[in-house]
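Okay, so here's the structure we're looking at.
FYI, it's all coordinate maths here, none of it is from the lab. All values reported here derive from a predicted model rather than from experimental measurement. Every residue, glycine among them, receives a Cβ derived from its backbone with ideal geometry; neighbour counts consider all protein chains shown.
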Amino acid sequence: MRFLTLFILSFCLVGITQAQSVKIKKGVVTVDGAFYCNIKTKGAIVKDMKLYNQGGDMLVHAKPTIINTAGEEGDFIYYTLNFIGHDQTSQIQVMSLKPIKKIIGNLYEYQVINGDAINSATLQEFVKAFPPTVSDKLEKQAAAINGATNVTINNDITTTGTGDNVLYNPIERDRDALIFTMSGKVKQDRIVVATYKSKSATNDGKLRNIIRFFHPTSGVLLAVAENDDLMSEEYIIKTTRDDRTFSHKLSEHVDHEGQLAEYLIGIGYL
């Protein structure tokens, strides 16, 4: 997957540029300081999003889809928005791994959510601006880039593939469950989703960490993570499925294997 390209792109949506100040704190969305809706998200990086009114009724369900491409422009990501109680669907292509605020900003600008309900009239305008045609367009573009094989990571973050790709398919489990690393195994939802081996090696007189992650059933090498020295929290990660390189900085200098595993799970490699 081409997440590295996406990381270095500006955080923007293909669509309207909004100037509103959207803030999310403890499940509450405010726009320009005023309450807008409540929110629940699911997922590590590319998140499934549900918006609720103050009474707890769901108003909008936004599901992400990631389409893997072999092109230099990177992966395609789009959201499908379902408006509860309305027979309307919208799709928005995004150019960010954290587009939640941008999507909410678009909804706000079109005044789709009006108090505790969906405004049917403004919803029609929103759907005209963001019609449910993005998926077809991106699938065709991805097929042209990739040829016969196309790998898609959907809103459940499950990977499908053909040929050798099946050797790299992540293990099915609840991806919202806690992640544990112990005794060379990465577990989530009480299931081994990867194994790992760690060692230290010398490079230019400095000791560095090298951590390798393997598929638990096929045994293939999934990724190799290295830092410059033992005290560095910055890792360079190379994946074997698609020969990608990522840079990831740990949040703290403990449990390097666990933090790296969480990152790789979040971007769909474990």
Quiz item: Among Leu51, Leu250, which comes first, second and so on when ranked by fewest other beta-carbon atoms within 10 Å?
Solution: Leu250, Leu51
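Within the stretch 166-270, list the GluC sites (Glu not before Pro) lying in a DSSP loop whose Cβ has at most 15 other Cβ atoms in a 10 Å radius.
On the way: sites: Glu172, Glu226, Glu233, Glu234, Glu252, Glu257, Glu262; in loops: Glu172, Glu233, Glu252.
Answer by residue number: Glu172, Glu233, Glu252.
Taking the Cβ of each residue in Thr122, Thr181, Thr217 as the centre, tally the other Cβ atoms inside 10 Å and list the residues starting with the fewest. Write down the numbers at each step before the final one.
Values: Thr122 16, Thr181 20, Thr217 11.
Ranked by crowding around the Cβ, least crowded first: Thr217, Thr122, Thr181.
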Self-check item: Filter on Lys50/Lys249; Lys63/Lys140; Lys102/Lys128; Lys25/Lys63; Lys23/Lys238; Lys42/Lys238 - keep pairs with C-alpha separation over 24 Å
Solution: Lys50/Lys249; Lys23/Lys238; Lys42/Lys238
Quiz prompt | Sorted by Cβ density within 10 Å, fewest first, the residues Ser90, Ser200 | solution = Ser200, Ser90
Quiz item: Radius of gyration and Dmax for the stretch 163-266's Cα atoms, expressed in Å?
Solution: 13.6, 43
